[in-house]
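Report on the structure given below.
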Amino acid sequence: MAPCTATRPACTGTASSPGQLGALGGLLADAGVNVLVQYSDHTGNLVLLVDDKDVPACREVIARWEHP
């Protein structure tokens with residue numbers, strides 16, 4: 001596996017209840033976004049690394065998810 005550089009991660013607020021990552025993952029899949037890596041930072045924010053071509057769609061899904 002070769003190293004990679006993330007230049008534009010997509011971030012969202014904390015997932016505060018069980019199942020939220022799954023719900024967001026379903027919305028991202030419906031939008032055709034492939035999540036390469038996900039992790040939580042030290043303050044609990046969910047960080048998603050996606051292919052550069054998927055960044056706009058990912059951020060759109062996150063915006064709709066955060067503000068339904």
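Laid out as a table, the results:
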| quantity | calculated |
| --- | --- |
| Looking only at the range 21-54, and only at residues there that are touching a Ser or Thr at 6+ places or on another chain (Cβ under 9 Å) and of a type outside the set (G, A, S), the one that is surrounded by the most Cβ atoms within 10 Å (Cβ to Cβ) | L48 |
| Members of the range 22-44 found to be under 9 Å from the mean Cα position of the chain (by Cα) and in a helix (DSSP H, G or I), listed by number | L24, G25, L28 |
| Matching residues, the range 1-53, being within 16 Å of P68 (Cβ to Cβ), at pLDDT 75 or above and of a type in the set (A, V, I, L, M) | A23, L24, L27, L28, A31 |
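The values are calculated or read from the model by the stated rules, or taken from the named source; none is laboratory data. Only a predicted model underlies this, so the values are computations on that prediction, with no experimental measurement involved. Counting neighbours? That spans all protein chains shown, and the Cβs are built from the backbone with ideal geometry, glycine included.
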